[in-house]
Amino acid sequence: IEGDYTLYKWNNVEGLLEMGLSMDTVLPVGDPVHDPAQVMTEVLRRTDELTREIFILEGLQDFVEHTSVKILLQKLAIDLPRSRRPSHILCVSPEVPLNKDIARYIDVQVMDSADEVELSALLLEVQRELDTELDRDAADKIVEAAYGLTLLEARHIFRLALTDNADSDKAIAQVSHERDRIWHKIQQLN
């Protein structure tokens, strides 16, 4: 992808954000939008404009079973390649089976589960960001509870667990619970 683009990122926790020139600069876009159908409707509405935009949708797998999201994904898969404007949508999610009409317009790249070293480094990074500290035993148990997650999933879950829980045992339990919830959701989709 070449040229000047405006980069947007959406997930259900943060809503829709405009990313600045450096990836760690984030600008909120109006009111938080927690419904992916609203974001996809806005992308469709803008297909006749000539602005160059990239939309990254994180965690869309939690909404794929909603009829409105399925319809909008199919419509985007057909309308975006035909539109006058150079726009792109990247769906960053665990493995999700796609309708063949959508899949022919979308490149699927598998995101592997993070290994122990990657999860440990990520946990340290999140602790620094949140200005919190875990003892070594608690950190090891949180990393163990996160086995099987991608780095993106683990980042969100680590932030959630360390923000919501001052008690390390509760943080460990929350990471384990969120991992199990994701696995259960993936099994339902397959």
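The values are calculated or read from the model by the stated rules, or taken from the named source; none is laboratory data. Nothing here was measured: the structure is a model prediction, and the numbers come from that model. Glycine gets a Cβ as well: all are built from the backbone with ideal geometry, and neighbour counts include every protein chain shown. Heads up: the accessible areas ignore ligands, DNA and RNA and are worked out on the full protein's heavy atoms, side chains in. Shrake-Rupley method; radii C 1.70, N 1.55, O 1.52, S 1.80 Å.
A few points about this structure:
- Cβ-derived FRET efficiency at R0 25 Å, R181 paired with E18, nearest 0.05: 0.30
- Taking all protein chains together, Y147, Y5 sort by accessible area into Y147, Y5, largest first [probe 1.4 Å].
- Taking R52, R82, R155 and ordering them by how much accessible surface each has at a 1.4 Å probe, largest first, produces R82, R52, R155.
- Only protein heavy atoms count here; on that basis, with a 1.4 Å probe, K9 has an accessible area of about 40 Å².
- By a 1.4 Å probe calculation restricted to protein chains, I172 has an accessible surface near 30 Å², given to the nearest 10.
- Extended-chain gain in nm, criterion 0.36 nm per residue less alpha-carbon gap, H66 and H34: 10.1 nm
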